[in-house]
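Asks: Can you read through this structure? Questions will come right after.
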């Protein structure tokens with residue numbers, strides 16, 4: 001779905017999103033080996049990705065795998081991580097964000113309701 005339509009759907013839940021990428025700011029994402037053989041860190045700065053320690057895997061592909069495999073269905077097992085599939089992955093990630101926005105809305109409502117009950 002188009003980005004603006006996606007943003008509109010998110011905002012209808014009462015939650016707004018913005019990019020967490022700040023120019024010059026470095027983000028680190030720890031990637032754990034699925035076989036339990038350790039981990040490595042992807043560094044993201046100014047929309048550039050690199051491994052903290054030398055790694056032959058593509059850092060973008062690894063981040064995509066994390067995002068599309070967050071639930072029980074492992075999309076990366078059924079779809080090759082290639083630029084031709086980026087639109088498909090973007091749609092999968094949009095759906096996951098919308099689902100989680102609705103879950104956050106419920107969690108926030110219950111959280112504040114409990115706070116109200118405690119104060120009375």
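Asks: Being loosely packed, with under 11 Cβ neighbours inside 10 Å and closer than 30 Å to residue 2 by Cβ, is that true of even one residue in region 86-97?
Replies: Looking through region 86-97, at least one residue is loosely packed, with under 11 Cβ neighbours inside 10 Å and closer than 30 Å to residue 2 by Cβ.
Asks: Name the residue, out of 15, 10, 81, that is in a helix (DSSP H, G or I) and either touching a residue at least 40 places away in the same chain (Cβ under 8 Å) or in contact with a helix residue (DSSP H, G or I) (Cβ under 8 Å, 6 or more places away or on another chain) (or both).
Replies: Sole residue among the options that is in a helix (DSSP H, G or I) and either touching a residue at least 40 places away in the same chain (Cβ under 8 Å) or in contact with a helix residue (DSSP H, G or I) (Cβ under 8 Å, 6 or more places away or on another chain) (or both): 10.
Asks: Across region 7-66, what is the total count of residues that are within 17 Å of the chain's Cα centre (by Cα) and on the phi > 0 side of the Ramachandran plot?
Replies: 1
Asks: Further, regarding this structure: Restricting attention to region 1-38, and to residues there that are loosely packed, with under 12 Cβ neighbours inside 10 Å, touching a strand residue (DSSP E or B) at 6+ places or on another chain (Cβ under 6 Å) and at pLDDT 85 or above, which single residue is farthest from residue 66 (Cα to Cα)?
Replies: The qualifying residue farthest from residue 66 (Cα to Cα) is 26.
Asks: If I filter region 74-84 for residues that are surrounded by 14 or more Cβ atoms within 10 Å (Cβ to Cβ), closer than 25 Å to residue 12 by Cα and under 18 Å from the mean Cα position of the chain (by Cα), do I get at least one hit?
Replies: No, because not a single residue in region 74-84 is surrounded by 14 or more Cβ atoms within 10 Å (Cβ to Cβ), closer than 25 Å to residue 12 by Cα and under 18 Å from the mean Cα position of the chain (by Cα).
The values are calculated or read from the model by the stated rules, or taken from the named source; none is laboratory data. What you are looking at is a predicted structure, and each value in this text was computed from that prediction instead of being measured. Because the Cβ atoms are built from the backbone with ideal geometry, glycine has one as well, and the counts that use them run over all protein chains shown.
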